[in-house]
Amino acid sequence: MSVVKLKPSATQTSLLSPMLEVTAAVAIPASAGKQRYREAAITLLNSVVPPALGMLLFVLLWAQIAHLSGIPGPLKTWEAAKVLFSHPFYVKGPNDQGIGWNILQSLSRVGLGFGLAALIGIPLGFLIGRFGFMRRLSAPIISLLRPVSPLAWLPIGLYVFKEAQPAAIWVIFISSIWPIIINTATGVTHVPQDYLNIARVLQLSEWKVFTRILFPAVLPYMLTGIRLSIGVAWLVIVAAEMLTGGVGIGFWVWDEWNNLKVEHIIIAIFVVGIVGLLLEQAILWAAKRFEYKED
Amino acid sequence: MQGFVQLENVQKTFRTKQGEFVALRDINLSVAQGEFVSLIGHSGCGKSTLLNLVAGLFDASDGVMLCAGREIAGPGPDRGVVFQNHSLLPWMSCQANVYLAVERVFGGNESKLQLQQRVDAALSLVGLTHAARKMPHEISGGMKQRVGIARALAIAPKVLLLDEPFGALDALTRAHLQDELMRIVAASGTTSIMVTHDVDEAVLLSDRIVMMTNGPAATIGQILPIDLPRPRNRLELVADPHFAQLRAEVLTFLYQRAGLAA
Ligand SMILES: Nc1ncnc2c1ncn2[C@@H]1O[C@H](COP(=O)(O)OP(=O)(O)O)[C@@H](O)[C@H]1O
Ligand SMILES: [Mg+2]
């Protein structure tokens, strides 16, 4: 699992910017105010135009493919979405509920499975990072189990729990625990020796070392682990629900496939994408708040 | 007579992938109470290693190390350390960094208010009362180093250990902090051991300069007493022929004798 330090880069590069920057630099400013205005305009152009262009291209491409293959195009999907989201929370029986309920059900499974993974994974990560013995002890287990495809755990869950709901949560738990453990442990091994030397000189208690030095130092790594882990959980839930049934966005996709409502499948793809994006952004936002600046 | 800090036949061997590496050998040094001693030598000779041994952050491979008559068996707040790169915890304000140390040492029998007063006193000693609530990344390198000194002094250590405390600073800031350190140490009478590679700094601040031979297996090559009267004034010393002579002695050692086995 890659360890990404949570420091979003300040510079947004786009393909267009080098050219525009050159023009801006060469132009002789009539006045400083005008120059600043130009720079702001160029920044705005660079940050708004390329993404908008990308989205436009995407929609055009989609329309073209829809035209050729017969899947619903952007307009048809949009109409269907308007109908679908006009009553997101209806309930017409245990297996026929509004899209809102399906999303919330999936989110609650992800929340439970991920929450358990964090509850167990974070302390484990600290132990593994702090004590070499624990690291050597756990290394073979982690290397063996981490690459296992999440859905391979589903039959075990079904066998043990005899029910779809806990089995799905189990799959989320087991597939999202690894990034948390690994990133937390990596964070602990990366705590600068200087900080630990302060603890040693002052002979701080193990509790103080944890709360004042280890935890704050590891937090950015931990949040990276959490971000990756929620990403995995959200990826996995759709597939798991397809297999287990019930209420949830994954099951809903499968149901709509059985009803041959292809526009709903496309809507589901957007919903999954957007919810995943929002989850990631929420954690990035949290990470920014807890990030500390060195020097 | 036994020194306040006493090192006898101290040796330090590191176990590395290429086998045993003897960093220091035959270190004999006695530092008197209230004395200011500098360790000077070429980069990589083992100055930090020696300081870390006294701090208790490293274990000696051989020999005896005493501080205030007791064997050094690990780090402890009786020896305050000022680290080379300030080492302030970046998630705490300057005040909180100092408080962490003060709380550990005096928290047992003093009230929160008393602890806070100690923090305030330490920060005001280094002239940083106004920056108490600032985070480390909001202040300059020189200010950070001053907070580091305040943190080390706030716990009223028996010995102050400084590892190139001003190494990363510009010349003007360094001169300013040297003067401040001289004033603080003179006022508190704290026994101090400072690592430096700056000859002027060593002569200006020290009662004795411990000059180390080059590694590997470095040892003390020569000890030079600095008998300049205190308080010392850097501007007056520039014109002082005795200062120039002491300075020349250190330079001569560093450039002619440090490479020769002692
Ligand atoms: N933890 C360590 N393990 C192995 N070798 C070390 C360690 N610390 C220092 N050394 C070696 O000991 C020698 C002295 O290092 P150091 O005390 O840092 O030098 P100085 O502070 O004088 O520049 C160097 O050759 C360095 O590579
Ligand atoms: Mg050093």
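The values are calculated or read from the model by the stated rules, or taken from the named source; none is laboratory data. On a predicted model such as this, the values are computed, not experimentally measured, just so you know. Here the Cβ is made from the backbone with ideal geometry for all residues, glycine too, and neighbour counts use every protein chain on show. SASA here: full protein model, heavy atoms, side chains in, ligands and nucleic acids out. Shrake-Rupley method; radii C 1.70, N 1.55, O 1.52, S 1.80 Å.
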Ballpark to the nearest 100 Å², how much total accessible area do B and A bury together, probe 1.4 Å? 2000 Å²
Which value, in debye to the nearest 20, gives the size of the charge dipole of the protein assembly as shown about its Cα centre, when Lys and Arg are +1 and Asp and Glu are -1 at the Cβ? 720 debye
DSSP beta bridges in the protein assembly as shown: the antiparallel percent, rounded to 5, is 55 percent
With only helices counted (DSSP H, runs n ≥ 4, each -39500 (n - 2.57)), the per-residue ellipticity at 222 nm for chain A, to the nearest 500, works out to -25500 deg cm²/dmol
Charge dipole of chain B built from unit charges on the beta carbon (Lys, Arg +1; Asp, Glu -1), centred at mean Cα; most positive-end Cα among B:G259, B:V119, B:Q6 is B:V119
For the pair B:K112/A:F210, report the inter-label distance in nm, with labels modelled 7 Å from Cα in the Cβ direction. 2.3 nm
Describe numerically, in nm with one decimal, the distance between label points set 7 Å from Cα along Cα→Cβ at A:E163 and at A:S69. 3.9 nm
At what distance in nm do the modelled label points of B:E8 and B:Q256 sit from each other, each positioned 7 Å from its Cα along Cα→Cβ? 3.5 nm
Using a 1.4 Å probe and ignoring any ligands, DNA or RNA, find the accessible area of B:D120 and quote it in Å² to the nearest 10. 70 Å²
Specify whether the C-alpha gyration tensor of the protein assembly as shown places it in the rounded, prolate or oblate class, a ≥ b ≥ c being the square roots of the eigenvalues: rounded for a/c under 1.5, otherwise prolate if a/b is larger than b/c and oblate if not. prolate
Which lysines, if any, have their Cα less than 18 Å from the Cα of A:K76, not counting same-chain residues under 8 positions apart? A:K261
Regression test value, accessible area per residue of segment B:85-155, probe 1.4 Å, units Å², expected 40 Å²
Mind checking which helices in chain A clear 27 Å along their axis (Cα) and have mean Kyte-Doolittle hydropathy of -0.5 or more, DSSP H runs only? A:32-69, A:99-130, A:164-189, A:215-244, A:262-290
20 Å cut-off, amide nitrogen to a point 7 angstrom out along A:A139 Cα→Cβ, residues in segment A:165-188: A:178-188
Between segment A:109-156 and segment A:34-50, how far is it from one alpha carbon centroid to the other, in angstrom? 46 Å
Helix B:112-125 versus the longest principal axis of chain B: what is the Cα-based angle in degrees, 0 to 90, to the nearest 10? 50 degrees
Taking a ≥ b ≥ c as the square roots of the eigenvalues of the Cα gyration tensor of chain A, is the shape rounded (a/c under 1.5), prolate (a/b larger than b/c) or oblate? oblate
Using a 1.4 Å probe, what is the accessible area per residue for segment A:82-294, in Å²? 49 Å²
Cα-based reach from B:K144 at 16 Å (exclusive), listing lysines while leaving out same-chain residues under 8 positions away: A:K293, B:K134
For chain B, what % of the accessible area comes from carbon and sulfur atoms, probe 1.4 Å? 52 percent
Which whole-Hz ³J(HN,Hα) couplings does segment B:248-253 yield from phi under the Karplus relation 6.51 cos²θ - 1.76 cosθ + 1.60, θ = phi - 60°, glycine and proline marked x? 5, 5, 5, 4, 4, 4
Put +1 on the Cβ of each Lys and Arg and -1 on the Cβ of each Asp and Glu in the protein assembly as shown; which of B:M92, A:A233, A:I99 then has its Cα farthest toward the positive end of the dipole? A:I99
